[in-house]
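Next up is a structure, given as structure tokens.
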Amino acid sequence: MFEQLDVAPPDKILALIDLYRADTRANKVDLGVGVYRDRDGNTPVMRAVRKAEERLLNTQDTKTYLGLAGDVGFNAAMSGLVFGNSVEMSRVRVAQAPGGSGALRLIGELLHRTRPGATIWVSRPTWPNHIPTMRGAGLQVAEYAYFDAASGTVDFEAMLIDLAKAKAGDIVLLHGCCHNPTGANLTITQWQRVAGLLAERGLLPFVDIAYQGFGDGLEADAEGLRIVAAKVPEMVVASSCSKNFAVYRDRVGAAMVLARNVAQADVAISHMLAAARALYSMPPDHGAAAVRIVLDDAALRSDWRAELEDMRQRMLRLRVAFADALRRQSNSDRFDFIAEHRGMFSRLGLTEAQINRLRDEHAVYMVGDSRINVAGLPEDRLDDLAKAIVSVL
Ligand code: LMR
């Protein structure tokens, strides 16, 4: 049966987890997979999430099926977190999904059902898994220019030129905040221009918001998305709790539709749920239930926000300190953009050969496009790391 197949290429980000684990060098540095780390290199369960889990354990008296949409309280809380007051909630429908990736795929399935083989425009570069997820749903993928590697900033004019090539009914995938992999984000003025362009040209916005709270703050990170939501008749959103609730392995995400009206919202959700039934039936409950408990309880919610804010501030401090260390070690401002970027990632602009040397000679692990996870930076060894990077340039 399987003699027809060659081995599938490994996922470039996830493959690093195993490579790093197998490395026995004591000084190894993991800047690979996008997982938040504290100064000891740990990824703790967040305080409010742990309390919510205890509550869940003590009060849950059944594990019978919840239904295709999952935890409806979670869904309502998530749509509030993402949309705020920007839209009339009667036009919004939400399906709990297995992580942000599950939400992306579910929305892809919905889009393919309504417009088979539609074209989705993704940023160049984008999170590598966007492409197989959308193709897997049957969509065609096109790219719009986004990142100017030389300056480490968004090439906004090039982005607009490419988006002007999209046809009415095409879909445009935007990173809500904390662009992965570049760390370079749209300004509010740029979001306004993009929102205008999408509305004028009849393009459907698809916002992937996987790092809300990791960039400029929980509300600020949703501002671009909300500007778009207030401007367009319809849009779709994939949201993830993996990072901002640190429930990575529990697979907690939400697929959202903002429709023109209540009737179309009902039709859209019916297709998302039918697609879910065919893919995995129902989403896992535990993590979403814990997130719902946190968001519905004023004390837990405020403690969660405080801990999330501490995580965000730590990443910002690391950005500034690492840019300083690189400036000292390289005697140049080549890496200053790291302090300007937001979110978990920046791209250093190294070649594959330089990345391999960093791994082989210095036990420094980063993704093959030179994306680093800022939260993985070793706080007390930033100059050593900067020196290692400069030594391979
Ligand atoms: C990442 O980009 O590193 C994370 O989103 C983890 C993943 O699934 O790729």
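Percent of accessible area on segment 65-296 owned by carbon and sulfur, 1.4 Å probe?
Reported share for carbon and sulfur atoms: 52 percent.
Tally Lys/Arg at +1 and Asp/Glu at -1 over every other residue whose Cβ is under 12 Å from the Cβ of G70; what's the total?
So the surrounding residues net to 0.
Which of the residue pairs K243/K387; K51/K243; K28/K387; K12/K243 have a Cα-Cα distance greater than 25 Å in the structure shown?
K243/K387
Sticking with this one: Per residue and in cubic angstrom, what volume does the convex hull of the Cα atoms of segment 267-393 have?
So the per-residue Cα hull volume is 183 Å³.
Here is a further query. Kindly state, to the nearest 0.05, the FRET efficiency for T59 paired with N85, given R0 = 45 Å and r defined as their beta-carbon distance.
Computed FRET efficiency for T59 and N85 comes out at 0.90.
Of all the accessible heavy-atom surface of segment 305-393, with the other protein chains kept in place and a 1.4 Å probe, what percent is carbon and sulfur?
Using a 1.4 Å probe with all protein chains present, segment 305-393 comes out at 43 percent carbon and sulfur.
Percent relative contact order of the chain, based on C-alpha pairs within less than 8 angstrom and at least six residues apart?
The value is 25 percent.
Run lengths n ≥ 4 of DSSP H only: what is the helix-derived mean residue ellipticity at 222 nm for the chain, with -39500 (n - 2.57) per run over all residues, to the nearest 500?
The helix contribution divided over the chain gives -14000 deg cm²/dmol.
Go through 159-167, 27-35 and give me the packing order, highest mean Cβ count within 10 Å leading.
Going by the mean number of other Cβ atoms within 10 Å, highest first, we get 27-35, 159-167.
Taking a temperature of 25 °C and a viscosity of 0.890 mPa s, what whole-number D in µm²/s does Stokes-Einstein yield for segment 154-230 with Rh from Kirkwood over alpha carbon pairs?
Answer, rounded: 194 µm²/s.
Find out how many positive minus negative residues lie around Y36, taking Lys and Arg as positive, Asp and Glu as negative, among other residues whose Cβ is under 11 Å from that of Y36.
+1
On a 0 to 90 degree scale, rounded to 10, what angle separates helix 298-330 from the longest Cα axis of the chain?
30 degrees
At a Cα cut-off below 13 Å, give the aspartates and glutamates reachable from K63, other chains included and same-chain residues fewer than 8 away excluded.
Candidates past the 8-residue exclusion: D71, D285.
Additional query: Residue by residue through segment 384-389, which ³J(HN,Hα) values in whole Hz follow from phi under the Karplus form 6.51 cos²θ - 1.76 cosθ + 1.60 (θ = phi - 60°), with glycine and proline marked x?
Per residue, the Karplus-derived 3J(HN,Hα) values read 4, 5, 4, 4, 4, 5 Hz.
Hey, another quick one. Find the Cα radius of gyration of segment 192-248, compare it with 2.2 N^0.38 Å by division, and give the number to two decimals.
The reported ratio for this selection is 1.22.
What distance in nm lies between label points placed 7 Å from Cα along the C-beta direction at L393 and E3?
5.5 nm
Could you tell me what percent of the DSSP beta bridges with both partners in segment 65-296 are antiparallel, to the nearest 5?
45 percent
Cβ under 14 Å from C177's Cβ, C177 left aside: what net charge do those residues give with Lys, Arg +1 and Asp, Glu -1?
Taking every Cβ under 14 Å from that of C177, the sum is -1.
Distance between the C-alpha centers of segment 16-69 and segment 322-393? Whole Å please.
25 Å
Counting DSSP beta bridges with both partners in the chain, what percentage is antiparallel, nearest 5?
Counting only bridges with both partners in the chain, antiparallel ones make up about 45 percent.
Which residue, G343, Q354, Y365, has the largest displacement toward the positive end of the dipole of segment 295-393 when charges sit on each Cβ (Lys, Arg +1; Asp, Glu -1)?
Q354
For segment 65-296, what does the relative contact order come out to in percent, with C-alpha contacts under 8 Å and a separation of six or more?
Relative contact order for segment 65-296 comes out at 30 percent.
If packing is taken as the mean number of other Cβ atoms within 10 Å per residue, what is the order of 227-240, 262-275, 369-382, highest first?
Result, highest mean Cβ count within 10 Å first: 227-240, 369-382, 262-275.
Any lysines with Cα under 29 Å of the K165 Cα? List them, leaving off those in the same chain fewer than 8 positions away.
K231
May I pose another question? Using a 1.4 angstrom probe on the protein heavy atoms only, could you order S79, S90 from most to least accessible area?
S90, S79
Counting only heavy atoms of protein chains, what accessible area per residue, in Å², does the chain have with a probe of 1.4 Å?
Dividing the accessible area of the chain by its residue count gives 44 Å².
In nm², what is the average projected area of the convex hull enclosing the Cα atoms of the chain?
One quarter of the hull surface, i.e. the mean projection, equals 20.7 nm².
If you don't mind, another one. For segment 65-296, what is the convex hull (Cα atoms) projected area averaged across all directions, in square nanometres?
11.3 nm²
Still on this structure, please answer the following. What figure, in Å² to the nearest 10, do you get for the accessible area of Y248 with a 1.4 Å probe and non-protein molecules left out?
The accessible area comes out at roughly 40 Å².
Starting from the amide H of V207, placed 1.01 Å from N in the peptide plane, find each other amide H under 5 Å away whose residue is 5 or more places distant or on another chain.
The list, which skips near neighbours in sequence, is L174, V236, V237, A238.
Okay, next question. May I ask for the Rg/Rh ratio of segment 103-201, computed from Cα atoms with Rh as the Kirkwood radius, given to two decimals?
That ratio is 0.96, to two decimals.
The values are calculated or read from the model by the stated rules, or taken from the named source; none is laboratory data. As the structure is a computational prediction, the values presented were derived from the model and not from experiment. Cβ atoms come from the backbone with ideal geometry, glycine included; neighbour counts cover every protein chain shown. Side chains included, ligands, DNA and RNA excluded: accessible areas come from the protein's heavy atoms. Shrake-Rupley method; radii C 1.70, N 1.55, O 1.52, S 1.80 Å.
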